[in-house]
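Participant: Once you've had a glance at the structure underneath, I'll fire off some questions.
The values are calculated or read from the model by the stated rules, or taken from the named source; none is laboratory data. In this text the structure is predicted, and so the values were computed from the model without any measurement. Neighbour counts are summed over all protein chains in view; Cβ atoms, including those assigned to glycine, are modelled from backbone coordinates with ideal geometry.
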Amino acid sequence: MSNIGIIAEFNPFHQGHLYLMDYARQTLKANTIVVALGHEFTQRGDVALLDRYTRAASARLCGADLVLGMPLAASCASAEVFARCGVALLAAAGCDKILCGWEGSQAMVPSIEKALLFEIASLLSEEPKDYKKVLSEQLKTGKSYPAARTNAVLSCISSDSKKAIARDLLSSPNNILALEYARAIHDLSLPLELVLLARKGSDYHSTRITKDFYASATSIRQKLASMEVLYQKGTLKPDQFRQSLSPHMPQESYQLLEQAFIKKLLLFPSDVDILLHTKLFEKEELTTFADCTEDLQNRILKNRDQYIGYEAFADLLKNKSLTRSRITRVLTHILLGITDEDLTLLKRRDYAPYFWILAASAKGKGYMGVLKQKDLPLFCSINEISSSLNMEKSDTRRLLALDLKASEVVRILRIHKCRRPLPTEYTRKVVL
């Protein structure tokens with residue numbers, strides 16, 4: 001029996017996520033399933049569709065025993081930081097395995113692909129001279145960092161067959177996260193096994209919902225955005241929402257999503273348009289924000305008069321050396337005030353500053369006794385920690401302040417959509 005950890009955003013929780021839960025319980029014989037869940041903004045920089053408590057509730061209803069909230073600073077950071085925080089939190093929580101989704105052939109995962117994954121992870125951690133030389137040369141040609149890194153990795157692999165597999169490994173967001181999980185386990189010297197589970201159904205980037213049972217989160221979000229437009233116009237047909245989405249989500253998570261949709265509580269990237277526009281004109285110095293280079297700062301300042309919306313602005317800033325996800329993350333860092341120093345604080349806290357419990361099953365509540373024995377703050381509500389001795393640690397205080405700021409930003413955005421008051425982190429009712 002194992003304690004299985006899953007790092008996720010569940011944006012929203014769909015059938016593919018349920019498949020992951022079932023595999024953990026039935027195949028891996030999980031005694032406890034612990035989830036490290038992203039905050040209100042995602043690793044790609046976008047605002048999450050549903051608030052993290054609703055996403056945590058979906059996970060609990062669909063098999064998770066305990067859901068831990070990841071700090072905001074890691075939730076919308078690079079894949080490396082996101083992975084390190086998730087892995088560190090789950091290791092601190094007593095997990096012995098990390099289970100993650102995978103784009104590839106399940107038959108090959110236990111052998112060739114998994115072995116190569118850890119070979120690449122070791123290469124990225126050790127950065128031999130040949131790798132660093134090619135990486136530098138690639139960056140000088142104007143390639144984006146992901147593209148330059150892929151070419152540098154491939155240059156260090158002699159076998160053509162391995163190169164073909166490695167290229168596939170480095171081309172999918174899910175595989176890149178799996179690689180970063182492996183790298184985190186290696187670099188942080190954690191006693192964890194990484195278990196890879198091949199995706200069923202649509203791939204990560206798929207924007208179409210078909211008869212395929214395992215629709216991607218991307219396709220579900222895009223379908224929701226189109227239906228929200230119809231809902232606002234009053235032209236959404238009876239049962240259209242249910243017929244379009246219900247088959248692609250477990251009923252427990254679908255019902256929570258439907259309730260949020262009816263109450264006008266869903267958020268989409270365009271909902272941050274005005275707030276971000278204001279932030280972009282507040283400062284001239286942007287390089288203090290996490291991941292914002294001088295080049296990107298100059299592009300933002302040069303083009304901000306052309307701003308008409310978050311997504312259009314990200315497209316405007318994109319070039320061959322700057323990926324869109326990098327740009328959207330930086331824009332989110334500017335919006336929320338996340339700096340390079342904040343990422344340094346997170347690292348100083350070994351990427352696991354506290355256990356913020358978002359949801360727990362009956363078994364999970366019992367497992368919380370295990371967490372209480374750890375040397376980390378444990379709480380379900382900010383009211384439980386705001387006056388405790390742990391708050392004297394400035395690192396913890398700052399990281400929590402960012403968490404609270406993001407929660408307040410999305411609360412304000414939702415209020416302006418649903419036109420009614422919503423609870424703050426200090427006034428919300430804690431239900432586990």
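Participant: Residue 95 versus (1) surrounded by fewer than 17 Cβ atoms within 10 Å (Cβ to Cβ); (2) assigned by TED's automatic domain parsing to the domain that holds residue 367: which is the lone unmet condition?
Facilitator: Unmet for residue 95, out of (1) surrounded by fewer than 17 Cβ atoms within 10 Å (Cβ to Cβ); (2) assigned by TED's automatic domain parsing to the domain that holds residue 367: (1).
Participant: Next question, about the same structure. Filter region 284-335 for residues that are under 21 Å from residue 141 (Cα atoms) and either surrounded by fewer than 14 Cβ atoms within 10 Å (Cβ to Cβ) or in the same structural domain as residue 143 (by TED's automatic domain parsing) (or both) and give the result.
Facilitator: Answer for region 284-335, where residues must be under 21 Å from residue 141 (Cα atoms) and either surrounded by fewer than 14 Cβ atoms within 10 Å (Cβ to Cβ) or in the same structural domain as residue 143 (by TED's automatic domain parsing) (or both): 294, 295, 298, 319, 320.
Participant: Filter region 315-333 down to residues that are among the charged types (D, E, K, R) and touching a residue at least 40 places away in the same chain (Cβ under 8 Å) and give me whichever is nearest to residue 293 (Cα to Cα). I'd like the intermediate steps shown before the answer.
Facilitator: Quick first cut of region 315-333, residues among the charged types (D, E, K, R) only: 315, 318, 320, 324, 326, 329.
Narrowing the set further to residues that are touching a residue at least 40 places away in the same chain (Cβ under 8 Å) leaves 320, 326, 329.
On the way: 320: 15, 326: 11, 329: 12 Å.
If we take residues in region 315-333 being among the charged types (D, E, K, R) and touching a residue at least 40 places away in the same chain (Cβ under 8 Å), then 326 is nearest to residue 293 (Cα to Cα).
Participant: Looking at region 285-311, which of the residues that are within 22 Å of the chain's Cα centre (by Cα) and not hydroxyl-bearing (Ser, Thr, Tyr) is farthest from residue 344 (Cα to Cα)?
Facilitator: Ranking the candidates gives 311 first.
Participant: Considering only residues that are of a type in the set (Gly, Ala, Ser) and over 30 Å from residue 232 (Cβ atoms), which ones fall in region 254-303?
Facilitator: Result: 290, single match.
Participant: If you don't mind, there's one more thing I want to ask. Pull up region 335-386, narrow it to residues that are in a loop (DSSP other than H, G, I, E, B) and small (Gly, Ala, Ser), then point me to the one that is farthest from residue 34 (Cα to Cα).
Facilitator: First pass over region 335-386, keeping only residues in a loop (DSSP other than H, G, I, E, B): 337-338, 349-354, 361, 372-377, 380-381, 385-386.
Checking the rest, the ones that are also small (Gly, Ala, Ser) come to 337, 352, 361, 381, 386.
Values: 337: 29, 352: 14, 361: 10, 381: 18, 386: 25 Å.
Step by step, filter region 335-386, then rank; the result is 337.
Participant: Taking region 361-384 only, how many residues are farther than 25 Å from residue 401 by Cβ and crowded, with 17+ Cβ neighbours inside 10 Å?
Facilitator: Qualifying residue count for the region: 3.
Participant: Go through 147, 184, 152 for me and flag whichever is assigned to a helix (DSSP H, G or I) and in contact (Cβ under 8 Å) with a residue 40 or more places away in the chain.
Facilitator: On the way: 147 fails: in contact (Cβ under 8 Å) with a residue 40 or more places away in the chain; 152 fails: in contact (Cβ under 8 Å) with a residue 40 or more places away in the chain.
The conditions single out 184.
Participant: Could you identify the single residue in 230, 296, 267 that is hydrophobic (A, V, I, L, M, F, W, C), part of a loop (DSSP other than H, G, I, E, B) and either without any contact (Cβ under 8 Å) to a residue 12 or more places away in the chain or in contact with a strand residue (DSSP E or B) (Cβ under 7 Å, 6 or more places away or on another chain) (or both)?
Facilitator: Values: 230 fails: part of a loop (DSSP other than H, G, I, E, B); 296 fails: part of a loop (DSSP other than H, G, I, E, B).
Of 230, 296, 267, the one residue that is hydrophobic (A, V, I, L, M, F, W, C), part of a loop (DSSP other than H, G, I, E, B) and either without any contact (Cβ under 8 Å) to a residue 12 or more places away in the chain or in contact with a strand residue (DSSP E or B) (Cβ under 7 Å, 6 or more places away or on another chain) (or both) is 267.
Participant: Further question on the same structure: Taking region 187-211 only, how many residues are at pLDDT 90 or above and part of a loop (DSSP other than H, G, I, E, B)?
Facilitator: Residues that pass the stated criteria total 5.
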